[in-house]
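The structure under discussion appears below in the form of structure tokens.
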Amino acid sequence: MHSELMSPVLGNAPLVSRMTLALLEDSGWYHVDYNYAGPFRYGKGRGCNFLTEPCVQNGNTAFPNTFCTGVATAYLCTTGILGGNKGCTPDLMGEALCDICRHSAPLPSKFQRFGDLHIGGSNLLMGYCPLWISYDGSKSCRDSTHSSDPIAVGGGESFGSESRCILSEIAPRGYMIPSSPRAVCYAVSCEETQLRIRVGSEWSVCQASEAGSRKSVNGWRGQIICPSYREMCGDQDDRGPSATVPCAFPGVLRRNRCVCAPGYVGLDCTTKDTSGAHATPTLTPPDTTSEAVDISMQVKFVWQMILPLLFLLNL
């Protein structure tokens, strides 16, 4: 539930999912339009094991794009310092660090996922699963102000609504190739069966079936690592940025129209709504004479009561 607005632990761009809209509809108080639901990406397409199996087992994870396992530089959790490996946030919107840390006491047995019983993620509500999270000073790929960073731009990075986080070992001619993949921001374009990734002014193509493959880029040393096409571009009716219709995450492309998430406006959903009125047309009370109700507070209260119990019972 990490990307759901009403969950107790939020990602960078929380959304109102079909699950929350269904809850409101089942209450009998509201009619909902599911066309305005945000794309629920957390765990999407990962299979039943994402829910039924441990996030990390014996120091390894089957879902490295969501959970992380680097323990070599785990600091005490009380310091608030993130010392884990560096990667991309699960939504592929920016740089992240692994939030793994060392607790002052051994974790409860069901949360012991490493040889060192003190090691785990920082958050109880996530079952102490170590996650990729953004940090102070991390780069957001959507933030165009990073375009003035000569080191990033010199390394082929670009920033804006069409950019996403990619793991890369690319270096300019004459520079050393990184010893391990780095999280960087490149412009991407989703096509019907392939993903195009731009490094500097050169494009490289990853087919939908080539997740994890390494691709060279003309004029550059090293290689990029092809991301999952589905995670980057979404399903057919849930697409990422494309050449013909730009649509900035967390907006979603539906029927060639960009539907903005709460808090964003504009044709490509890149403009933050600063009016203070972030209401969305997803909810319509069936009885217009009834008293106005603060929907978000009601639903958030329900989810905050239910989700931690469901999560803990299933761990």
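The values are calculated or read from the model by the stated rules, or taken from the named source; none is laboratory data. Just so it is clear, the structure is predicted and the values come from calculations on it, not from any experiment. Here the Cβ is made from the backbone with ideal geometry for all residues, glycine too, and neighbour counts use every protein chain on show. Only protein heavy atoms, including side chains, enter the accessible area calculation; ligands, DNA and RNA are left aside. Shrake-Rupley method; radii C 1.70, N 1.55, O 1.52, S 1.80 Å.
One line per residue, one yes/no per condition, for (1) touching an Asp or Glu at 6+ places or on another chain (Cβ under 8 Å); (2) within 30 Å of Asp26 (Cα to Cα); (3) at pLDDT 70 or above:
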{"site": "Gln236", "(1), (2), (3)": "no, yes, no"}
{"site": "Arg255", "(1), (2), (3)": "yes, yes, no"}
{"site": "Cys258", "(1), (2), (3)": "yes, yes, yes"}
{"site": "Thr282", "(1), (2), (3)": "yes, yes, no"}
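Does Leu107 meet the test of being modelled with pLDDT of 85 or more, closer than 27 Å to Gly263 by Cα and surrounded by fewer than 22 Cβ atoms within 10 Å (Cβ to Cβ)?
no
Out of Val205, Val217, Val199, which single residue is farther than 22 Å from Phe63 by Cβ, open to solvent by 40 Å² or more (accessible area, probe 1.4 Å) and not charged (D, E, K, R)?
That would be Val205, the only listed residue that is farther than 22 Å from Phe63 by Cβ, open to solvent by 40 Å² or more (accessible area, probe 1.4 Å) and not charged (D, E, K, R).
Could you check Gly45 against (1) exposed (fewer than 13 other Cβ atoms within 10 Å of the Cβ); (2) not in a loop (DSSP other than H, G, I, E, B) and say which number it fails?
All conditions are met except number (2).
Is it the case that Tyr30 is within 30 Å of Cys269 (Cβ to Cβ), open to solvent by less than 50 Å² (accessible area, probe 1.4 Å) and either of a type in the set (Lys, Arg) or out of contact with any helix residue (DSSP H, G or I) (no Cβ under 8 Å at 6 or more places or on another chain) (or both)?
In short, no.
I need a count of the residues in the stretch 110-131 that are modelled with pLDDT under 90 and among the hydroxyl-bearing types (Ser, Thr, Tyr).
Number of matching residues: 1.
Restrict the check to the stretch 155-165 and report whether at least one residue is closer than 22 Å to Asn65 by Cβ and surrounded by fewer than 19 Cβ atoms within 10 Å (Cβ to Cβ).
So far as the stretch 155-165 goes, no, none of its residues is closer than 22 Å to Asn65 by Cβ and surrounded by fewer than 19 Cβ atoms within 10 Å (Cβ to Cβ).
Please return the ranges of strands (runs of 3 or more DSSP E) entirely within the stretch 184-236 where 3 or more residues are touching a residue at least 24 places away in the same chain (Cβ under 8 Å).
Strands (runs of 3 or more DSSP E) meeting the threshold: 194-199, 223-225.
Evaluate the following for Thr270: is it of a type in the set (Ser, Thr, Tyr) and at pLDDT 75 or above?
Here the answer is yes, as Thr270 does meet what is asked.
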